[in-house]
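> Sharing a structure, written as structure tokens. Questions coming.
The values are calculated or read from the model by the stated rules, or taken from the named source; none is laboratory data. Model, not experiment: these values are computed from the prediction. Every residue, glycine among them, receives a Cβ derived from its backbone with ideal geometry; neighbour counts consider all protein chains shown. Remember, those area values only see protein heavy atoms, side chains included, never the ligands or the DNA or RNA. Shrake-Rupley method; radii C 1.70, N 1.55, O 1.52, S 1.80 Å.
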Amino acid sequence: QVQLVESGGGLVQAGGSLRLSCAASGRTFSRVAMGWFRQAPGKEREFVAAISWSGGSPGYADSVKGRFTISRDNAKNTVYLQMTSLNPEDTAVYFCAADTDRYYGGSRDSNYRYWGQGTRVTVSS
């Protein structure tokens with residue numbers, strides 16, 4: 001099993017940047033595919049970004065391409081989401097997720113077996 005803890009959320013002005021972190025434990029991190037999802041109040045959870053075991057071929061939702069970057073540091077058992085050019089539509093609770101069955105989890109939330117508690121991001125105008 002995998003335990004995930006997100007951090008780095010907070011309040012930021014439109015156009016600003018924020019970096020989220022997700023610390024993992026409980027399993028060899030180098031063989032766990034990771035993803036980020038988000039959920040705004042009253043909205044469905046949506047895919048944000050995903051990264052493979054190795055950190056290659058990251059994938060992104062169209063709404064964040066060119067603005068967000070997912071990366072991982074296996075030596076620190078941590079995955080990151082660097083968020084730039086933030087706008088109020090990015091306001092949501094952001095969740096880290098782990099897929100222990102695949103090299104790359106992709107955009108389907110059903111592929112991810114383990115989830116963190118979420119970290120709140122609020123973008124003001």
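> Could you give every pair whose Cβ atoms fall below 6 Å, whose first residue belongs to region 7-24 and is within 14 Å of T69 (Cα to Cα), and whose second residue is part of a strand (DSSP E or B) and open to solvent by 50 Å² or more (accessible area, probe 1.4 Å), counting only separations of at least 6 or pairs across chains?
R19/Q82; S21/S7
Here's the yes/no breakdown for (1) of a type in the set (S, T, N, Q); (2) modelled with pLDDT under 95:
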| site | (1), (2) |
| --- | --- |
| V2 | no, yes |
| S17 | yes, no |
| R38 | no, no |
| R45 | no, no |
| A50 | no, no |
| W53 | no, yes |
| S63 | yes, no |
| T84 | yes, no |
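> Only residues in region 60-71 that are open to solvent by less than 60 Å² (accessible area, probe 1.4 Å) count as the first member; pair them with residues that are in a loop (DSSP other than H, G, I, E, B), Cβ under 7 angstrom, at least 6 apart or cross-chain, and list the lot.
As it stands, the answer is R67/T84; R67/S85; I70/P58; S71/G55, since those pairs meet every condition given.
> Is it fair to say T84 is open to solvent by less than 50 Å² (accessible area, probe 1.4 Å), of a type outside the set (A, V, I, L, M), farther than 17 Å from V5 by Cα and within 15 Å of the chain's Cα centre (by Cα)?
Numbers: open to solvent by less than 50 Å² (accessible area, probe 1.4 Å): yes; of a type outside the set (A, V, I, L, M): yes; farther than 17 Å from V5 by Cα: yes; within 15 Å of the chain's Cα centre (by Cα): yes.
Considered against the rule, which asks whether it is open to solvent by less than 50 Å² (accessible area, probe 1.4 Å), of a type outside the set (A, V, I, L, M), farther than 17 Å from V5 by Cα and within 15 Å of the chain's Cα centre (by Cα), T84 comes out as yes.
> Please find, among V2, V79, V32, the residue that is under 13 Å from T119 (Cβ atoms) and touching a residue at least 12 places away in the same chain (Cβ under 8 Å). Walk me through it before giving the result.
Numbers: V2 fails: under 13 Å from T119 (Cβ atoms); V32 fails: under 13 Å from T119 (Cβ atoms).
The unique qualifying residue is V79.
> Has region 24-34 got at least one residue that is of a type in the set (A, V, I, L, M) and open to solvent by 30 Å² or more (accessible area, probe 1.4 Å)?
Here is the first cut: in region 24-34, the residues of a type in the set (A, V, I, L, M) are 24, 32-34.
With open to solvent by 30 Å² or more (accessible area, probe 1.4 Å) added as a condition, the list becomes none.
No, the conditions are met nowhere in region 24-34.
> Please work out which one of (1) crowded, with 20+ Cβ neighbours inside 10 Å; (2) at pLDDT 95 or above is the condition G10 fails and give its number.
(1)
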